[in-house]
Amino acid sequence: MPLKRLNDIPGPRGLADQWSMYRRRYQMGHVLREISQTHGDIARVPVAGLPKVLVSHPDQVREVMVTGAQYFGLCGQDLLRRVVPWTLIAIEGQIHDEHRSLLLLALRKILTRRLLATTILRGAQALSTLRDGDVIDLYQFARGVSLAIAASLLFPAEAGDEVVSGIDHTAFLNLMSQSNAWFLGMPLAFQKICLLFDIRHSLKVLTNRNRVRRQLTAAIKTASSLPRSGANADMLSLITDGSEVGGRMRDEFLEDNLLTILLASYDTTANSLAWALWESSRQPDLQSRIATEGSRLSDNPTDNLEWSNSAIWTDATLQESLRMYPSVWATSRRTLSDYRLGEFLIPRDTFVYTSQWVTHRDPRWFSEPQEFSPERWRPVESNAEAVSPSQVAAPQDAHEERPQFAFFPFGGGKRFCIGKALFDQEATYLLASFFARWESTPLENCHPEPRFGVTLQPDRPMLVRIKHR
Ligand code: HEM
């Protein structure tokens, strides 16, 4: 049978559909899900510019990210490159591979030498600010503590509080929420036209970008000027010294990649942790289970090394948060040549989207996908006491035969997230230690919904009242 061409790919098309897409650009996840449900696993997406296709079947997601990865390049990184030209996320080829391995090695060192102690210290500081009966915004709590941890991991301990307090959360948050993924997926010429139409918005993005960069330059200056002691256990020292990570990072890459790690780690972690805190607050049974696991935590890092293996509910809750509210909710690639995907021939220079939001909510892979149900991640009974869900091959969800890429919150292949282990350790500890101390009840009439910026953030404060347990 002859291959079908781009025009044969089903999907909405025409100016009316493009206009409707523009109007709903902050609900892009919902729009993409509707397109996938209506038009199938390979569907056209009506955004202006180069042709765009959404791929939703896990096997084809795997093809784009892993098995056929050499036929796909990056795309939609134009705006990102303006903010951070040398970020790992926007570079390709050998230079990407070299920097990736350098950063991965540095992160591994940080993980073993410092992560748990830093999480315990910063977690305890954040928890100590809460009072019985307080109404708090869980999102703000999660942002504060994950930014403090990220900054402490990036910079030498000696720079600690000075650097952390110099970083303004709001500027970082605004930068992430004002940049929109729909926007990033457009060719630069169209981005410029849209920016012209919305000068106020563009000025805000520019102002925040400049503020964020200024803060980071100041932080690097402060940190570099301080005498260091002991083994290197921070990103800046490890990548400027180079002796432990196979080479020194060149100066022009330094600031961009520190900024990338800071944003990538703080923002994604804060979002996923906040959704896990919020959904657990809505389920009293779940939070008591997490609290029981949290009560076994110790203030001594080495006593906690084995703890996460038995924190079944804490881990399952985070997995479910990553499924329902994937912080990176869509990724985009561009075909480098004509490419056969299923029954279609996708021409060169087509944008190919894969979306965690769409695939994770597909009832073929997850029963009742719109329900927040950590239960689905619990290991089968015989293993329940022994290992945590993320390490178990057969969770209890009805779809035990689920394909690997039905769940891909950290991506896959050569761009698989370098911070997964960091997130796992940090978020598990923070979630359990929060509920070990506090019982949390959502305020009536508070219904945060996801907002589809570059990452998936809640669209309003997540307000809860906390009571001592
Ligand atoms: C909930 C937490 C996180 C989620 C859901 C997440 C998700 C992702 C995803 C989906 C990708 C692949 C993007 C693509 O294929 O285009 C990615 C890449 C990346 N992540 Fe994460 N991430 C998380 C935490 C972190 C942390 C803690 C760090 C920092 C230490 C980090 C740093 C990075 C970097 C630098 C890349 C680019 C890798 C490359 O291009 O080689 N992420 N992340």
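The values are calculated or read from the model by the stated rules, or taken from the named source; none is laboratory data. These numbers come from a predicted model, not from an experiment. So basically every Cβ, Gly included, is an ideal-geometry build from the backbone, and we count neighbours across all protein chains shown.
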> Within the bounds of segment 35-51, is there any residue that is within 14 Å of the ligand (Cβ to nearest atom) and not polar (S, T, N, Q)?
Replying inline: no
> Looking at segment 403-419, which of its residues are surrounded by 15 or more Cβ atoms within 10 Å (Cβ to Cβ), within 16 Å of Gln319 (Cβ to Cβ) and either more than 6 Å from the ligand (Cβ to nearest atom) or among the hydroxyl-bearing types (Ser, Thr, Tyr) (or both)?
Replying inline: Phe405, Ala406, Phe407, Phe408
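Would you mind stating whether Pro2 is without any contact (Cβ under 8 Å) to a residue 60 or more places away in the chain and touching an Asp or Glu at 6+ places or on another chain (Cβ under 7 Å)? Please lay out each step first, then the result.
Working: without any contact (Cβ under 8 Å) to a residue 60 or more places away in the chain: yes; touching an Asp or Glu at 6+ places or on another chain (Cβ under 7 Å): no.
When the stated conditions are applied, Pro2 does not pass them.
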>> Residues that are crowded, with 22+ Cβ neighbours inside 10 Å and touching a His at 6+ places or on another chain (Cβ under 9 Å): does segment 240-252 have at least one?
In response: yes
>> Given (1) within 20 Å of the chain's Cα centre (by Cα); (2) within 11 Å of the ligand (Cβ to nearest atom), identify the lone condition not met by Ala69.
In response: (1)
>> Can you tell me which condition Ser310 does not meet? The list is (1) more than 13 Å from the ligand (Cβ to nearest atom); (2) among the hydroxyl-bearing types (Ser, Thr, Tyr); (3) modelled with pLDDT of 95 or more, and all the others hold.
In response: (3)
> Take the residues of segment 427-467 that are acidic (Asp, Glu) and within 18 Å of Tyr325 (Cα to Cα): which is surrounded by the most Cβ atoms within 10 Å (Cβ to Cβ)?
Replying inline: Asp459
> Is segment 213-236 home to any residue that is modelled with pLDDT of 75 or more, within 16 Å of the ligand (Cβ to nearest atom) and over 28 Å from Tyr429 (Cβ atoms)?
Replying inline: no
> Are any residues in segment 270-314 more than 18 Å from Arg437 (Cα to Cα) and buried (at least 24 other Cβ atoms within 10 Å of the Cβ), and if so, which ones?
Replying inline: Ala270, Asn271, Ser272, Trp275, Ile312
> Which residues, taken from segment 124-140, are over 18 Å from Glu439 (Cβ atoms) and either crowded, with 16+ Cβ neighbours inside 10 Å or within 16 Å of the ligand (Cβ to nearest atom) (or both)?
Replying inline: Tyr139, Gln140
> If you take the residues of segment 431-442 that are touching a strand residue (DSSP E or B) at 6+ places or on another chain (Cβ under 9 Å) and in a helix (DSSP H, G or I), which of them is farthest from the ligand (Cβ to nearest atom)?
Replying inline: Arg437
> What number of residues within segment 73-100 are within 10 Å of the ligand (Cβ to nearest atom) and at pLDDT 90 or above?
Replying inline: 4
>> Looking at the structure I just gave you, is Thr428 β-branched (Val, Ile, Thr), in contact with a helix residue (DSSP H, G or I) (Cβ under 8 Å, 6 or more places away or on another chain), at pLDDT 95 or above and in a helix (DSSP H, G or I)?
In response: yes
